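Colleague: Before I ask anything, let me first share the structure, which is written out below as structure tokens.
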Amino acid sequence: MSAIRAWLLLALGWGTVGSAAAEPVPQVGPARGALLVVGGGSMAKLWPVFLELAGGKDAHIVVIPTAGENITGDDSAVKALRALGVAQVVQLHTRDPKEADTEVFVAPLRAARGVWISGGRQWRLADSYLGTRTLRELRALLDRGGVIGGSSAGATIQGSYLVRGAPSGNAIMMSPGHEVGFGFLRQTAIDQHVDTRQRAEDLRPVLRAHPALLGLALDEATALIVRGDRADIVGAGGVRFFATPEAPAILLRAGTIYDLAARKAVVSGAP
């Protein structure tokens, strides 16, 4: 067993079986499967985490590059995964929600153990896949224990509220008509590239307008591993958690566990 896999089993509570106690129904994260939410930037130390969650290099992986502007040839994520030795990688892309709603289009998702959603502009993902068979199959993948990961736009789309969704520019935090994400993390708004683009407080007006939301703001090369309501922080930077619209954000780093339902750190890792 690799060191990364052993750590994941321990961190996510997969090292023990046979408990008679019923697991509580998650309020925020998925009941089954896992999410990898990455704040953009380098994936060098995070690709192995994604692959371990997916079941290793033999897993069927689907890459969705639709957030990108011009999709020609293989996405950089496809190339990176193949370079790591993953043989079964399929790229899945359309701008047409009617095509995304067809059985033929979603067929690769039914064989997948992991899905990666690449960066770009998150509104393109929403316009293409909301309300389609594609989104239903992504939820089904989680239900059968798979993993969905994404970086930058691929992170933000995993929340329920879509920040920076304006087609006219990514500096606009709230854009009527583009405010709905995929909702894998319920009652959340997710921002990214926080450290490199000075976005530490950019979620504040969103949370004031929608006070029930939990705000998650991720640095680059940093990720949340989410299973149920448990979020483990990994990577080089930090994650800011906005539990309420006005309270100061809590900045936590690798080694910390955050309870998304209780909105508090479980293990101290704050600087």
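The values are calculated or read from the model by the stated rules, or taken from the named source; none is laboratory data. Given the structure is predicted, the values throughout are model-derived calculations rather than measurements. Because the Cβ atoms are built from the backbone with ideal geometry, glycine has one as well, and the counts that use them run over all protein chains shown.
Colleague: Do we find a residue being more than 10 Å from ARG227 (Cβ to Cβ) and at pLDDT 95 or above anywhere in the stretch 5-23?
Modeller: Among the residues of the stretch 5-23, not one is more than 10 Å from ARG227 (Cβ to Cβ) and at pLDDT 95 or above, which makes the answer no.
Colleague: Looking at the stretch 191-219 only, could you name the residues that are within 17 Å of THR244 (Cα to Cα) and of a type in the set (Lys, Arg)?
Modeller: Across the stretch 191-219, the qualifying residues are ARG204, ARG208.
Colleague: If you check THR156 against the conditions, is it free of Cβ contacts under 8 Å to residues at least 40 places away in the same chain and within 13 Å of the chain's Cα centre (by Cα)?
Modeller: Judged against the criteria, THR156 is a match.
Colleague: Okay, moving on. Take the stretch 37-64 and flag every residue that is assigned to a loop (DSSP other than H, G, I, E, B) and over 25 Å from ARG199 (Cα atoms). Please lay out each step first, then the result.
Modeller: Let us first name the residues in the stretch 37-64 that are assigned to a loop (DSSP other than H, G, I, E, B), namely 39-46, 55-60.
Matches in the stretch 37-64: GLY55, GLY56, LYS57, ASP58, ALA59, HIS60.
Colleague: Can you tell me which residue is surrounded by the fewest Cβ atoms within 10 Å (Cβ to Cβ) among those in the stretch 101-128 that are in contact with an Asp or Glu (Cβ under 9 Å, 6 or more places away or on another chain) and hydroxyl-bearing (Ser, Thr, Tyr)?
Modeller: SER128
Colleague: Taking ILE64 and the conditions (1) within 19 Å of the chain's Cα centre (by Cα); (2) under 20 Å from GLY165 (Cα atoms); (3) surrounded by fewer than 23 Cβ atoms within 10 Å (Cβ to Cβ), which numbered condition does it fall short on, given that it satisfies the others?
Modeller: (3)
Colleague: In the stretch 248-269, what residues are in a strand (DSSP E or B), at pLDDT 95 or above and in contact with a Phe, Trp or Tyr (Cβ under 9 Å, 6 or more places away or on another chain)? Can you show your working first?
Modeller: Quick first cut of the stretch 248-269, residues in a strand (DSSP E or B) only: 250-253, 257-259, 264-267.
Still in the running and at pLDDT 95 or above: 250-253, 257-259, 264-265.
Of everything in the stretch 248-269, those that are in a strand (DSSP E or B), at pLDDT 95 or above and in contact with a Phe, Trp or Tyr (Cβ under 9 Å, 6 or more places away or on another chain) turn out to be ILE250, LEU251, LEU252, TYR258, LYS264, ALA265.
Colleague: What do you reckon, is ALA67 at pLDDT 95 or above, part of a helix (DSSP H, G or I) and small (Gly, Ala, Ser)?
Modeller: no
Colleague: While we're here: Given the criterion surrounded by 19 or more Cβ atoms within 10 Å (Cβ to Cβ), polar (S, T, N, Q) and more than 17 Å from the chain's Cα centre (by Cα), identify the matching residue among THR222, THR188, THR132.
Modeller: Within the list THR222, THR188, THR132, the selection yields THR132.
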